[in-house]
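Structure first, then comments.
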Amino acid sequence: MKRRKFLTNVPLAVSALMLGGTATNLLAAPQKENNVNSKKKLLLTVAHITDVHLPADPKVMERFLKCLKEIKTRKVDFFLNTGDSIMAVDRDNSTRQEVYDQWKAWDTCIKEIADYDMYSCVGNHDIWWAGEKSDEMYGVPYAAKRLKMPKRYYSAKKGKWHFIMLDGNNSGITLDPEQMSWLTQQLESIPQGEYALIMSHYPILTVTGSWEGGQHKDHVALKDLFYKHKDKVKGCLSGHQHLLDRAWYDDIYYFCNGAMSGFWWGEGDKRSAKPFYYQETPPGYAILKFYDDGSFENEYIAHHY
């Protein structure tokens, strides 16, 4: 299936560790200069999963359940999911039965975290385009419904932090004018002293786009909008690439985390650095920690299933 370290001298914490055979990469968002005696307060611990690509296959479902059970041991408050939740129903020959079977598999597995809130984005492979437009399963709205999203784009507030979920499934990977206007209003309405994390399935700004593509085509307009609100917008979160990277621009962090499915749950190809890797990135998930001063951390944890 064809798919389309940042280091800088700023106040941040970077570590690349090997702990018990599990690769861990931690990067903290930059912080303002504070009194040396001040202490930031942890507000939220959140799991980020992306590109699960779950098929209706009991063996893969079992592996996904193992991942979810492991995440639960990390005492997270809720889940963020940036899409491509099911294997793929966006092909020209995808059948209605495939759509039904893959979403049924998703529903079965996600019961494991039924006690947690999950805020999702729709990924390109979640969308069925092969049916008639009159079919309820056709298009983005049905995928959003199956992910229990209130709309294809929306926001959720958790204390001082606002989580804004976008839909880039438009021409050229962009926000439609209605959505861009909504996002502008959302950012304007956030009070001073509160912060935002922006989520999209596709990276808004990414290192890996230079050889993989896949980046938002309206990234310049979004960059300009975020700069106007850089006291509020602290970071952006995405998937899609199956590759792990982070970029920092205008004091805003852009995290693209690797895929839970790695190489679509397969052993890889000639570009895979190790079995199940997509290129150099292992399958995994991320744990994010959000603080009361607007700083946050993104820790990617490789999962060896």
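The values are calculated or read from the model by the stated rules, or taken from the named source; none is laboratory data. Because the structure is predicted, anything quoted here is derived from the model rather than measured. Cβ coordinates were reconstructed from backbone atoms using ideal geometry, including for glycine residues, and neighbour counts include every protein chain displayed. Remember, those area values only see protein heavy atoms, side chains included, never the ligands or the DNA or RNA. Shrake-Rupley method; radii C 1.70, N 1.55, O 1.52, S 1.80 Å.
Annotations for the structure displayed:
- Matching option when the condition is in a helix (DSSP H, G or I) and among the hydroxyl-bearing types (Ser, Thr, Tyr), among Tyr119, Tyr142: Tyr142
- Within the range 49-79, if we keep just the residues that are in a helix (DSSP H, G or I) and of a type in the set (A, V, I, L, M, F, W, C), the residue that is most open to solvent (accessible area, probe 1.4 Å) turns out to be Leu65.
- Residue that is farthest from Pro203 (Cα to Cα), among those in the range 237-270 that are touching a helix residue (DSSP H, G or I) at 6+ places or on another chain (Cβ under 7 Å) and crowded, with 21+ Cβ neighbours inside 10 Å: Trp265
- The range 80-109: number of residues that are of a type in the set (A, V, I, L, M), assigned to a helix (DSSP H, G or I) and surrounded by fewer than 22 Cβ atoms within 10 Å (Cβ to Cβ): 1
- Residues in the range 164-210 that are within 17 Å of Gly139 (Cβ to Cβ) and acidic (Asp, Glu) were compared, and the one that is surrounded by the fewest Cβ atoms within 10 Å (Cβ to Cβ) is Glu178.
- Among the criteria (1) touching a strand residue (DSSP E or B) at 6+ places or on another chain (Cβ under 7 Å); (2) in a loop (DSSP other than H, G, I, E, B); (3) closer than 27 Å to Tyr278 by Cβ; (4) of a type outside the set (S, T, N, Q), the one Cys236 does not fulfil is (2).
- Positions within the range 261-294 being under 21 Å from Thr82 (Cβ atoms), outside any strand (DSSP E or B) and touching a Leu at 6+ places or on another chain (Cβ under 9 Å), in sequence order: Ser261, Trp265, Gln279, Glu280, Pro282
- Residues that are touching an Asp or Glu at 6+ places or on another chain (Cβ under 9 Å) and more than 21 Å from Met149 (Cα to Cα) within the range 194-203 comprise just one, Tyr195.
- Test: residue in the range 197-216 that is over 30 Å from Leu68 (Cβ atoms) and among the charged types (D, E, K, R): no
- Scanning the range 186-207 for residues that are small (Gly, Ala, Ser) and in a strand (DSSP E or B) yields one hit, Ala196.
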